[in-house]
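Quick notes on the structure that follows.
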Amino acid sequence: MYEAIAEMIVTRELEPGEHLVESELASDLGVSRQPVREALQRLQTEGWVDLRPGHGAFVHVPTDEEADQLLAVRAILESESARLAAKHATPEHLEKLRALQRVGEKAVAADDQAAMVAANAALHAHVVSMSGNLVLADLIASVARRVRWYYLPIARSRGKDAWDEHAGIIDAIEEKNSRRAANQMRQHAERTREIYQEWRTEGAEERA
């Protein structure tokens, strides 16, 4: 239940601020209320859900500060993963990276938002796996789901630019140019951070 509800939040099937009614979730997921209640308590502990006494459970609404801090940390971690990936890249690694790049480009061409997010996550995860650093991989995995949550509403606006940036990162990795791979990954992650900030600002202005 935890995984199912968390994924519904990440994909924004359950929107930030939405009231989560245990009986409705239980009915939708085909279970009793008890596992839903337990899942909501765990989600609250991990910052996905806010439990308000007397009012119930609500999908957490991320603040500008917490989103910015997480995306800033992600830029640092993924920059290091790209640096190490360039050192350890094999022909098989690169073949898979190129394949993932093609999947992402097709998603952009089809204007398939969900596919863009999935392909983006898969490509970044593969770069991390190429790094060979298990501690780094664990740290990135701990923020990866939240990155997907933040990335979904800006996937279209990032669009082709994001995949052009990916192509440059892959080229640097293939050339085993660790410094350039790290710099390009950091710039890529920072650009995503900037676009997210712009999206949040525009949304705040519209609500004002």
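The values are calculated or read from the model by the stated rules, or taken from the named source; none is laboratory data. Here the structure is a predicted model, which is why all the values come from computation and not from measurement. Because the Cβ atoms are built from the backbone with ideal geometry, glycine has one as well, and the counts that use them run over all protein chains shown. Accessible surface is based on the protein model in full, side chains and every heavy atom, while ligands, DNA and RNA are left aside. Shrake-Rupley method; radii C 1.70, N 1.55, O 1.52, S 1.80 Å.
Summary table below
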| read-out | value |
| --- | --- |
| Residue in the range 134-148 that is over 24 Å from Glu105 (Cβ atoms), modelled with pLDDT of 95 or more, in a helix (DSSP H, G or I) and of a type in the set (Ser, Thr, Tyr) present | no |
| Single residue of the range 19-55 satisfying the filter (more than 21 Å from the chain's Cα centre (by Cα) and part of a strand (DSSP E or B)) that is surrounded by the fewest Cβ atoms within 10 Å (Cβ to Cβ) | Arg52 |
| Of all residues making up the range 49-68, the number that are at pLDDT below 95 and closer than 26 Å to Glu190 by Cβ | 8 |
| Complete set of residues in the range 125-177 that are open to solvent by 50 Å² or more (accessible area, probe 1.4 Å) and free of Cβ contacts under 8 Å to residues at least 40 places away in the same chain | Ala125, Ser129, Leu134, Val135, Asp138, Ala141, Ser142, Asp161, Asp164, Glu165, Asp171 |
| From the options Arg180, Arg200, Arg186, Arg207, residue that is at pLDDT 95 or above, over 13 Å from Arg74 (Cα atoms) and open to solvent by 30 Å² or more (accessible area, probe 1.4 Å) | Arg180 |
| Of residues in the range 1-18 being assigned to a helix (DSSP H, G or I) and in contact (Cβ under 8 Å) with a residue 24 or more places away in the chain, the one nearest to Arg146 (Cα to Cα) | Val10 |
| Scan of the range 84-97 for residues that are open to solvent by less than 70 Å² (accessible area, probe 1.4 Å), out of contact with any Leu (no Cβ under 8 Å at 6 or more places or on another chain) and either of a type in the set (Lys, Arg) or within 17 Å of His188 (Cα to Cα) (or both), ordered by number | Ala85, Ala86 |
| Glu105 on the phi < 0 side of the Ramachandran plot, assigned to a helix (DSSP H, G or I) and either in contact with a Phe, Trp or Tyr (Cβ under 8 Å, 6 or more places away or on another chain) or small (Gly, Ala, Ser) (or both) | yes |
